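Here is the structure we will look at, set down as C-alpha cells.
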Amino acid sequence: MNSMIGNAGMRGPTGQGKGNKIPSGYKEGRIQNYTPEQMQLFRQMFSNVSPDSYLSKLSGGDQSLFDEMEAPALRQFSGIQGNLASRFSGMGMGSRKSSGFQNSINAAGSDFSQDLQSRRQSLQQNAIKELMGLSGDLLGQRPYDQFLVDKPYRPSTGDQLIGAGGAFLGGIGQGIGTGIGKWFGG
C-alpha cells in the first residue's frame, strides 16, 4: 500500500479541516495523537486566545477591563487627596486655596496619571507577547496526523461484465486452439 504521510496543519480545536483537495485514487486518513484528556486540555487552551479571553481584552486595551483593575488605585488616590486637603486645612484659613495646595494636588494627580498609563502600557505589551506565544504554541501542536491512502480498486459493473466476458472468450479461444492443435498435430 502506498501512502503519503504528512501534517495537514492546525485546523482549530477539533483538527478537522474543510476544503482539502484529495487526489483521485486516494482517501484521507487520520490518527489522533492525543488521549481524550489531552484533547480536552488542548481545546480548553483555545479559550485563552479567543477574542473574548482576558488576554485578548487586555492586549486590545479594553477600557472596561482597565476600569475594573484601576478602581482600587483610584479609591486609594482619593484617600491621598483627602489627606492632602486635611494637612493644608490644619495650616489655617485659606490654605486650601493657596498655590501650594493646588501645586501639591496637581503634582499628585499628574504622578498618579502617569503611573497608571505606564502600568497600562506595560500590561498591554505583556498581554500581546503572551497572546502571541500561546497562539504560536497552539498552532504548532499536532493533535492529529493526516495522511493519504490508496483507494482499493473496485471495478465498476461494466468492468466486471467485460472482465467476465474476456475470461469466457479467453477460455473458448484456448479450447479452439487446443482442438486445432490436436487435429493437425495428432
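Values in this text are rule-based calculations from the coordinates and carry no lab data. Since the structure is predicted, the reported quantities are computational estimates derived from the model, not experimental observations. Cβ placement follows ideal geometry from the backbone for every residue including glycine, while neighbour counts extend to all protein chains displayed.
Based on the Cβ-Cβ distance of Asp111 and Lys57, what FRET efficiency does E = 1/(1 + (r/R0)^6) give at R0 = 22 Å, to the nearest 0.05? Please list the in-between numbers first.
On the way: r = 27 Å, r/R0 = 1.23.
E(calc), rounded to 0.05, equals 0.20.
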Identify all aspartates and glutamates with a Cα-Cα distance to Lys129 below 19 Å; exclude those on the same chain that are fewer than 8 residues away in sequence. Asp52, Asp62, Asp137
Between Gln102 and Arg154, 0.36 nm times their residue separation minus their Cα-Cα distance comes to what? 9.6 nm
Excluding same-chain residues fewer than 8 positions from Lys27, which aspartates and glutamates have a Cα within less than 17 Å of its Cα? Asp145, Asp150
How long is the gain from Gln121 to Ala85 if the chain were fully straight, where each residue apart is worth 0.36 nm and the alpha carbon distance is subtracted? 9.9 nm
